[in-house]
Amino acid sequence: MVRVVIVGAGPAGGFSAYLLAKAGHDVQVFEEHATIGEPVACTGVITGDVMARRLQLPKELIVNKIAKARIIAPNDEFIEVKLKNDIIIDRAGLDRHISQMAKDAGAKYYMNNRFENFENVKNKGKKIVVAVKDKTKNEIKKNETDYVIGADGPISSVAKSAGLFGSRQFYSGIQVTIPVENDNTIDFYPSEDGIAWLVPENEKVARVGIAARKEANSYFRKFITAVVGEGFEKKIMGWQAGPIPLYDPKLKSTTKDGKVLLVGDAATMVKAPTLGGINQGLIGAEAVAAAITENKNYEGLWKKKMGTDLYLSLLMRKAMERFNNNEYNQLVATFKKEKNRAILESYDRDEPRKFALKLLLKEPKLILLATKAWF
């Protein structure tokens, strides 16, 4: 048995805590906020089948089930794609559910406790000393531990303190929950401004938001006004905003001695086309638990499971960043062809390694679009 300190009580941190506590380790979780799951910083769209591979969700956490999505071009042309058991979840409830699993397995949680820094990180063979500020008591506590897991989000203080932050890049995300009539279909709006979405909670309320590399506020205002109309501010039921990391294949997710490990958004484990990362964080948590319990190479474990998919997704996003609106129009038109849409509907979007080559072989025009974007 070893002692593990986990910083962050989101899905990646909570699932790491659950798996490690279940394996018999002494697990402490420190969360800087007073309530698990708040503030919410996620749209909460997941593939039910993917989630079921790792944990079973109580029915009360499923806000909605979605059967199809539309991808809408700047010229308003669109394609409809059937979805495989996609669900909209109570995102804060998910965090609390996983954390309760961890607590039941023996993990100890400390709320309103903010990570400050390390001591002894570079002293081989010695325990790491983690300084944490108890914000309720306004005092610093020091904890000795064998391992530290940074699950503290895109601006990870653990990554900075361990020298693992690197030169990461971010999108700015803004989302509101707001009354808007809809037909229970997810709408995606890719454009040269970024990506926007409407995700229904039901036929009268939706999560509406954008992610952009620049001028996010003006892009959001333009999009939400088009969807909801003027005076939308008075209708907002909930508001979320924050940075979304872009996957960085050069970033190290662990120190050389394997004692500090990053997982989830803290390690930029985000699928770049849609900028989601719940499933990727859970995969990372499985790798964290195996690396510590079985003394295996952490980066080797998680990259074997999803490294290729994350890299291919990054290449897609990099190409899309260079598209102008006319090229987005061409892209959507290309996928209106039945043979191309069928591929999108047949494969898990989290696993582009299984369908990217098939798409390129069936539709050479995609190669031309990507080449134009890159060069």
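At a glance:
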{"read-out": "Residues of the stretch 65-110 that turn out to be over 19 Å from the mean Cα position of the chain (by Cα), within 30 Å of Val132 (Cα to Cα) and not charged (D, E, K, R), as a count", "value": "8"}
{"read-out": "Residue within the stretch 274-289 that is surrounded by fewer than 17 Cβ atoms within 10 Å (Cβ to Cβ), within 24 Å of Ser157 (Cα to Cα), of a type outside the set (Val, Ile, Thr) and in the same structural domain as Val148 (by TED's automatic domain parsing) present", "value": "no"}
{"read-out": "Out of Leu61, Leu55, sole residue that is touching a His at 6+ places or on another chain (Cβ under 9 Å) and more than 21 Å from Gln175 (Cβ to Cβ)", "value": "Leu55"}
{"read-out": "In the stretch 3-37, residue farthest from Val130 (Cα to Cα) [restricted to those that are polar (S, T, N, Q) and under 21 Å from the mean Cα position of the chain (by Cα)]", "value": "Thr35"}
{"read-out": "Tabulated pairs, the stretch 300-329, first polar (S, T, N, Q), second assigned to a helix (DSSP H, G or I), C-beta under 8 angstrom, 6+ apart or interchain", "value": "Thr308/Arg353; Ser313/Pro352"}
{"read-out": "Residue count for the stretch 209-235, restricted to those that are farther than 22 Å from Glu321 by Cβ and within 23 Å of the chain's Cα centre (by Cα)", "value": "1"}
{"read-out": "Matching residues in the stretch 223-245 - criterion: being closer than 28 Å to Leu312 by Cα, of a type in the set (A, V, I, L, M, F, W, C) and surrounded by fewer than 19 Cβ atoms within 10 Å (Cβ to Cβ)", "value": "Ala241"}
{"read-out": "Residue ranges of strands (runs of 3 or more DSSP E) in the stretch 11-82 with at least 3 members not aliphatic (A, V, I, L, M)", "value": "26-31, 62-72"}
{"read-out": "Of all residues in the stretch 250-302 being in a strand (DSSP E or B) and either in contact with a Lys or Arg (Cβ under 8 Å, 6 or more places away or on another chain) or not β-branched (Val, Ile, Thr) (or both), the one that is nearest to Glu321 (Cα to Cα)", "value": "Lys271"}
{"read-out": "Any hit, the stretch 227-242, residues being part of a loop (DSSP other than H, G, I, E, B), modelled with pLDDT under 95 and in contact with a Phe, Trp or Tyr (Cβ under 9 Å, 6 or more places away or on another chain)", "value": "no"}
{"read-out": "Count - residues of the stretch 203-222 that are surrounded by 12 or more Cβ atoms within 10 Å (Cβ to Cβ) and either among the β-branched types (Val, Ile, Thr) or more than 25 Å from Pro273 (Cβ to Cβ) (or both)", "value": "4"}
{"read-out": "Single residue of Lys135, Lys141 found to be in contact (Cβ under 8 Å) with a residue 60 or more places away in the chain and of a type in the set (Lys, Arg)", "value": "Lys135"}
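The values are calculated or read from the model by the stated rules, or taken from the named source; none is laboratory data. The structure displayed is predicted, hence computed values, not measured ones. Positions of Cβ are generated from backbone atoms using ideal geometry, with glycine treated the same way; all protein chains shown enter the neighbour counts.
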